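Just so you know, all these numbers are worked out from the coordinates, no wet-lab data involved. Just so you know, these numbers come straight off a predicted model, no measurement behind them. As a convention, Cβ positions derive from the backbone with ideal geometry for all residues, glycine included, and neighbour counts pool all protein chains shown.
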Amino acid sequence: MLDKIKALHEEIQALSAANGEEVEALRIKYLSKKGSISQLMADFRNVPAEQKREIGQAINELKNFATERINSLRQEAATEDAMAMAAALDLTRTPSPIPMGTRHPLSLVREEITSIFRRLGFSIADGPEIEDDWHLFSALNFAEDHPARDMQDTFFINSRPDVLLRTHTSSVQIRAMEHSEPPIRIICPGRVYRNEAISARAHCFFHQVEALYVDKNVTFADLRQTLLYFAQEMFGSETQIRLRPSYFPFTEPSAEMDISCNLCGGKGCSFCKHTGWVEILGCGMVDPNVLKACGIDPEVYSGFALGMGVERIANLKYRVNDLRLFSENDVRFLDEFAAAR
């Protein structure tokens with residue numbers, strides 16, 4: 001028995017392995033339940049009583065030696081594998097075959113809009129998406145019985161009438177006027193929420209960019225020139241605009257702006273419903289009641305405001321007919337904008 005233990009000791013000492021798989025095979029051969037050392041322990045029951053102490057100690061020493069030897073081989077194999085992987089790594093290889101992500105079309109359009117207004121001296125303002133009634137409705141001159149306050153149009157938080165998801169980014173304008181002294185010249189991009197059925201033409205959330213300019217002697221002519229500059233920068237130098245009278249609680253006078261259809265050049269097509277014009281935004285002069293609510297004297301200051309849907313502009317720019325595509329994150333759809341990133 002001692003001779004067999006000695007032979008196994010010499011055999012284990014001479015072991016070698018080229019990789020982790022070979023090390024694992026050696027472990028199974030010598031240390032598993034059916035391995036050589038386990039077989040010695042099974043034969044131990046036949047050893048005479050006077051030799052059990054000596055042989056038992058020899059088997060334990062052999063097992064410890066085998067464990068240390070195989071662990072040492074495993075570390076050596078791991079080091080060699082790591083060195084082989086490092087040697088095979090080509091640090092000069094170009095990363096170009098790795099597929100790159102793309103900018104979202106709404107991000108592209110939003111940044112283009114804000115870039116145009118920043119060239120006019122507007123700065124970016126931000127505000128919370130969970131708002132209170134004052135900043136969202138009351139300060140903006142909404143009547144107490146205005147339909148926008150109804151559950152059909154607005155998402156209220158825990159059925160509380162004074163805490164709700166913002167339905168427009170005009171609330172950011174109110175916060176800016178409350179905490180800033182004129183002149184104020186800001187744009188307010190952000191996500192808004194409305195309780196609407198989701199379809200190809202409407203969604204329960206979408207994105208807006210609004211602009212506000214408050215200073216002394218601001219006139220409707222300033223608004224019109226700003227709108228013309230934006231339209232021609234966004235859609236091309238040949239773009240024409242027209243303003244149609246409208247109504248918004250927070251502006252007076254109010255208007256909606258159309259641009260000449262950039263598909264047919266204003267001649268009329270199915271996209272513009274053969275009118276030659278496409279509506280893109282609402283605008284107007286800030287109502288004096290709004291200025292008063294924010295602590296600004298309407299006898300001294302005046303201002304204009306405008307707002308547009310980013311999805312609407314993206315539809316015009318990229319011919320996307322289904323609003324749901326903007327929020328479904330279909331990689332096939334997003335890949336179409338790879339050249340624009």
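Expressed in nm to one decimal, what extension gain is obtained for the pair Leu91 and Ala49 from 0.36 nm per residue of sequence separation less their Cα-Cα distance?
My answer for the length gained is 8.6 nm.
Work out, step by step, the length gained on full extension between Ile28 and Ala84: first 0.36 nm times the residue separation, then minus their alpha carbon distance; give nm to one decimal.
17.6 nm
Determine ³J(HN,Hα), in whole Hz, for all residues of the range 268-274 in sequence, where each value follows from phi through the Karplus function 6.51 cos²θ - 1.76 cosθ + 1.60 and θ = phi - 60°; x replaces Gly and Pro.
These are the phi-based 3J(HN,Hα) values: x, 8, 5, 5, 9, 6, 6 Hz.
Starting from the Cα gyration tensor of the range 105-340, take the square roots of the eigenvalues, sort them a ≥ b ≥ c, and report rounded, prolate or oblate (rounded when a/c is under 1.5, otherwise prolate if a/b is larger than b/c, else oblate).
Note, shape of the range 105-340 comes out oblate.
Sequence-distant or interchain residues sharing an amide H contact under 5 Å with Gly266, placed H: which?
Here Cys261 satisfy the definition.
Net charge within 13 Å of Phe65 by Cβ-Cβ distance, Lys/Arg positive one each and Asp/Glu negative one each, not counting Phe65 itself?
Every neighbour counted, the sum reads -1.
Which of the cysteines in the chain are isolated, no other cysteine C-beta under 4.7 Å?
For the chain, the answer is Cys188, Cys204, Cys283, Cys294, because their Cβ atoms have no other cysteine Cβ under 4.7 Å.
Which residues does a label at Ala338 reach in the range 98-129, if reach means a backbone N under 13 Å from a point 7 Å past the Cα toward the Cβ?
Residues 98-103 fall inside that zone.
Calculate, for Asp322 and Gln13, the FRET efficiency according to 1/(1 + (r/R0)^6) with r their C-beta to C-beta distance and R0 56 Å; round to the nearest 0.05.
Once rounded, the FRET efficiency stands at 0.15.
Place the peptides 49-60, 29-40, 221-232 in order of packing, highest mean first, counting for every residue the other Cβ atoms within 10 Å and averaging per peptide.
Sorting 49-60, 29-40, 221-232 by mean packing, highest first, produces 221-232, 29-40, 49-60.
Just to confirm my numbers, what's the Cα centroid distance between the range 214-233 and the range 28-58 in Å?
Cα centres, the range 214-233 to the range 28-58: 96 Å.
Using a 7 Å offset from the Cα along the Cα-to-Cβ direction at both Phe156 and Ser199, what is the distance between the two label points in nm, to one decimal?
With each label point 7 Å from Cα toward Cβ, the separation is 2.6 nm.
At what distance in nm do the modelled label points of Lys273 and Ser123 sit from each other, each positioned 7 Å from its Cα along Cα→Cβ?
Calculated label separation equals 4.1 nm.
Residue separation times 0.36 nm, minus the C-alpha to C-alpha distance between Lys292 and Leu228: what's the value?
Net length gain for the segment: 20.1 nm.
Take the Cα radius of gyration of the range 2-88 and divide it by 2.2 N^0.38 Å, with N its residue count; two decimals is plenty.
With N residues counted in the range 2-88, Rg over 2.2 N^0.38 Å equals 1.31.
Can you compute the modelled spin-label distance between Ser138 and Glu238, with each label point 7 Å from Cα toward Cβ, in nm?
5.2
Once a ≥ b ≥ c are taken as the square roots of the eigenvalues of the Cα gyration tensor of the range 104-225, is the result rounded (a/c under 1.5), prolate (a/b larger than b/c) or oblate (a/b not larger than b/c)?
oblate
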